[in-house]
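Visitor: The structure that follows is given in the form of structure tokens.
Rule-based calculations on the coordinates, nothing more; no lab input. Every value quoted in this text rests on a predicted model; they were computed, and no experiment measured them. Cβ: placed from backbone, ideal geometry, glycine included. Neighbour counts: every protein chain shown.
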Amino acid sequence: MYNVVIIGSGCAGLTAAIYAGRANLKPLVVDGHEPGGQLSLTTHVENFPGFPEGIMGPELIENMRKQAQKFGAEFKAGAVTEVDVSRRPFKIIAGKDTYEAQALIVAAGASARLLGLKGERELIGHGVSTCATCDGYFFRGKSIAVVGGGDSAMEEANFLSRYASEVYVIHRRNEFRASKIMIDRAKANEKIEFVTPFAVEEILAPQGFVEGVRLRHLESKDTRQIALAGVFVAIGHDPNTIIFKGKLEMDANGYLLAQHGSLTTIPGVFVAGDVQDHRYRQAVTAAGSGCMAAIDAEKFLEEHKH
């Protein structure tokens, strides 16, 4: 039996663990299927406050983890496979282990959708990225591509044009899901070139970092190669919320809904980070919401005399 169980060990979960630990709640953190979250896949983080020279993503996560352990947080490896939030104490099942908790913080994060190409995941941080605001700065004066056709792809292309010499927007169809205003803005940008209807067939990285892409025309089947330094995949994110379906309120895309701050409609269950944030998705906003969830959980436990 734990006072607080935290699902997820990214920025939100670890910040929640630091605050819950300092409040002497002795929280348990269940790592999840992506320990460290998306930051563990990021090489250099330059926009987290307090690190003027930047810091490597895995190092930032490791520092947070040590900080949480210093304040009494306990960690367990593994992914949560089932939860029962119908009554307290809540039941959390991770493989063969079952934990009970008076309060639950869900910080399971979201996973960026990838194209599913060979070697793509290994190239994250070596020219492949899923976050323009995180990594755009590293591509100053270079040619890059954005793959996708929605608002986020147009937004990323416009943002990246501040740094890149040219930005190719690669999309499988001639039509875009993006809103007209976003498409018009991208089309008016001299640095942006639209490449449609093409699919990325291969990311070319003979030296272990991105040097280009091979594309296939969806109608003629002709192939084309473009020399590039970076590929930004902007085809959306999936929140890691499958186990909460029918148990916690979520929107049409599966993101958990917070009623006020981190509170859900179930007293004692709190949400933090990308699992409920499809707008900002930054390390610093995830950390902030992890702090809020821990403070809310502490208050809840105090009110319920735990």
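Visitor: Give, in nm to one decimal, the length gained when the segment between residue 114 and residue 196 is fully stretched (0.36 nm per residue of separation minus the Cα-Cα distance).
Guide: 27.6 nm
Visitor: Find the centroid of the Cα atoms in the range 1-48 and in the range 171-203, then give the distance between the two in whole Å.
Guide: Using only Cα atoms, the two centres lie 37 Å from each other.
Visitor: Sort 166-172, 180-186 by the packing proxy (mean of other Cβ within 10 Å over each peptide's residues), most packed first.
Guide: Highest to lowest by the protection proxy: 166-172, 180-186.
Visitor: Compute the helix-to-body angle for 57-70: its Cα long axis versus the longest principal axis of the chain, expressed 0 to 90° and rounded to tens.
Guide: Taking Cα atoms only, the helix is inclined about 0 degrees.
Visitor: Then there is this: Using 20 Å bins from zero, what percent of all Cα-Cα pairs in the chain falls into each bin?
Guide: Spelled out per bin, shortest first, that is 33, 50, 17, 0.
Visitor: Return, for the Cα atoms of the range 114-233, the radius of gyration and Dmax in Å, separated by a comma.
Guide: Spelled out, the Cα radius of gyration and Dmax of the range 114-233 are 13.1, 39 Å.
Visitor: Follow-up question, since we're still on this one. Packing-wise, with mean Cβ within 10 Å as the measure, how do 274-286, 251-263, 73-85 rank, highest first?
Guide: 274-286, 73-85, 251-263
Visitor: Would you mind telling me the antiparallel percentage of the DSSP bridges in the chain, rounded to 5?
Guide: Among the beta bridges of the chain, antiparallel pairing accounts for roughly 45 percent.
Visitor: Taking each pair of different alpha-carbon atoms in the range 189-285 once, compute 1/r for the pair, average those values, and report the inverse of that mean as the Kirkwood hydrodynamic radius in Å to one decimal.
Guide: Evaluated on the range 189-285, it is 17.1 Å.
Visitor: With a 10 Å radius around each residue's Cβ, average the other Cβ atoms per peptide and rank 187-194, 65-72, highest first.
Guide: Ranked by mean Cβ neighbours within 10 Å, highest first: 65-72, 187-194.
Visitor: Give me the distance between the Cα centres of the range 240-280 and the range 127-158, rounded to whole Å.
Guide: 28 Å
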